[in-house]
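Chemist: Let me begin by handing over the structure; questions about it come next.
No lab work stands behind these numbers, since they all come straight from the coordinates. Given the structure is predicted, the values throughout are model-derived calculations rather than measurements. Ideal geometry is used to build each Cβ from the backbone, glycine not excepted, and the neighbour counts take in all protein chains shown.
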Amino acid sequence: MKHHHHQGLRGGGHSLKDWLTIRFRPFLLPIAAGALAGLALPPLGWPWLLWLALVPLWSCGARGGALWGGFAVLLSHRWLLALHPLDWVGVPSLLSLPLALLLLGICAGAGAALVATWCVLVQRLEPRRWSTALLASVLWGLMELLLAKGPLFWIGLSAVVLPGDRLLAALAQIGGPPLLTALQLVLAWLLWRRRWALFVLLLVLSHGLGGWLLSQTVPAAGAGQPLQLVSVQPALPTREKFSVAQQLQQRRLLQQGFSVAAAQAADAVVLPEGSLPLGETLEPPAAVELLSGGFRRVGPEERSSVLWFPADASKHRRGLDKHRLVPLGEWVPGGHWSGLSAVGGLTPGDADRLLALPPPLGPLAVAICYELSDAEALARAIRGGADWILTVANLDPYPAQLQQQFLMQAQLRALESRRWLLSVANTGPTAVINPRGQQLQALVPNRPQLGLMQLWRRGDRTLWVRWGASPSLLVLAGAVLWRLLARPLRAT
């Protein structure tokens, strides 16, 4: 009887190493490229690294796109793991790390699904065609702008330009984040197609135009008297911020801020997100104005807000409520919940980011926490009359990576709108940024401090502020028309 013995992986067949290499080779490139893209984003901020990471995406199908998107988010949002431990909000220690991993996984899954869908569309449209490159690039940029209205978006491809390439970042004055995003993808497409001459030409033209825009951005043009604002950085641990000891420390810092403001004839004192508890009053009333993150009740609803206390007032008179609430931390779909933060269940406010205050403080555009990533909302507020930008945040317990991402986003918002921006955050960044996107004054992160910050009001408008996403939408419509007039989509 003849016996047939299976050769196995080594008996004349492939070795285990070869089998694994052959089996998983198609996945290695999108995984590596996605991870490279996640690293290229701030705090590194190297656009040329992102171009290389985007090259294989033009030839990826759904599976490769999903791997690329998932690993890009895993690397760029790894700071989410700093949520662990969550025992301070009652989460058992055994569930704390799995829950933090789940949150990161949800974000990575969302990124994977979106990039996979984009890749399917690109392959259907024939990626080698110019019209596909233009249509797909602009579409990605517009989708990021739309996602910034929702709860899961924080940072996109447009943010990669800072701190590495300020000349390229200046193009945001023309088309905002959609233009920057589309430009990264088109440059990667030219590399993929090996159109070296066009790649170099586009680089030279874009940097030349960016340099000219920066040269036209005079930080204090027609500004008049500067705003003098005492910024308070309490550096309170979020896990303990509402304890008696921490609240006493914050009140001491606030009183010091009022004293400095009175001595220096400052216009106001500014506190970060969530500083004042619900119903907090100033006793005795201060002689200078106060802008503070805090909480207020609107009817039966509790909201996170920026509150304005006029001079000699014990209660706030106006406020602007946070519109984009942190999922699970401040809000869950379908109702109220205590959440995973110290603030409890909250209700979102209106989408308008314009806070109309009397001079000298107002009018101003306000971003609370990750509302800073919504460039369109801030541009709309500036179009409505805001002449400077205030952003308040509490980034504890997250690491320095998130602080740097926040700072780069703030620089981009200032640059694209030609507005002075003041960032005041619990643990940092607390800084002044000029209309060129340059940081001029800053407090040392993670230390209780206060500082007298100086900035100017401006009334001019960039093309991005005037037109918003309209040019990008026109380009998208033109690319679609180009395809329709060329020939029908190829069959799937």
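Chemist: Once you order the gyration tensor axes a ≥ b ≥ c over the Cα atoms, which shape class does segment 227-461 get: rounded for a/c under 1.5, otherwise prolate or oblate by comparing a/b with b/c?
Modeler: rounded
Chemist: With θ taken as phi - 60° and the coefficients 6.51, -1.76 and 1.60, list the Karplus ³J(HN,Hα) couplings across segment 125-136 in order, rounded to whole Hz; mark glycine and proline as x.
Modeler: Running phi through 6.51 cos²θ - 1.76 cosθ + 1.60 with θ = phi - 60° gives 7, 6, x, 7, 8, 4, 5, 5, 4, 5, 4, 5 Hz.
Chemist: Between Gln249 and Leu95, what FRET efficiency comes out of the Förster formula 1/(1 + (r/R0)^6) with R0 = 41 Å and r the beta carbon distance, rounded to 0.05?
Modeler: With R0 = 41 Å, the Cβ-Cβ based efficiency is 0.85.
Chemist: Nearest 10 degrees, 0 to 90: what angle lies between the long axis of helix 16-40 and the longest principal axis of the chain (Cα atoms)?
Modeler: Long axis of 16-40 versus the principal axis of the chain: about 30 degrees.
Chemist: In the set (i) 109, 64, 43; (ii) 100, 58, 38; (iii) 64, 54, 44, which value of Cα extents along the principal axes in Å was calculated from the structure you see?
Modeler: (ii)
Chemist: Angle check, please: helix 470-486 long axis (alpha carbons) against the longest principal axis of the chain (alpha carbons), in degrees 0 to 90, nearest 10.
Modeler: 20 degrees
Chemist: Can you give me the relative contact order of segment 227-461 as a percent, contacts being Cα pairs under 8 Å and 6 or more apart?
Modeler: 20 percent
Chemist: Now for a different question. Amide H to amide H, which residues 5 or more places from Gly349 or on other chains are under 5 Å from it, using H placed in the peptide plane?
Modeler: Lys322, His323
Chemist: Per residue of segment 452-457, what does 6.51 cos²θ - 1.76 cosθ + 1.60 with θ = phi - 60° give for ³J(HN,Hα)? Whole Hz please, x for Gly and Pro, Karplus curve as stated.
Modeler: Per-residue couplings from phi come out as 8, 9, 10, 8, 10, 8 Hz.
Chemist: Taking amide hydrogens as modeled 1.01 Å from N in the peptide plane, which residues meet the under 5 Å criterion relative to Leu290, leaving out close sequence neighbours?
Modeler: Val269, Phe309
Chemist: Considering only the other residues whose Cβ falls under 11 Å of the Cβ of Lys149, what net charge follows from Lys and Arg at +1 and Asp and Glu at -1?
Modeler: That sum, taken over residues with Cβ under 11 Å, equals -3.
Chemist: Angle check, please: helix 93-124 long axis (alpha carbons) against the longest principal axis of the chain (alpha carbons), in degrees 0 to 90, nearest 10.
Modeler: With both axes taken from Cα atoms, the answer is about 60 degrees.
Chemist: Before rounding to the nearest 500, sum -39500 (n - 2.57) across all DSSP H runs of length at least 4 in the chain and divide by the residue total; then give [θ] at 222 nm in deg cm²/dmol.
Modeler: That comes out to -14500 deg cm²/dmol.
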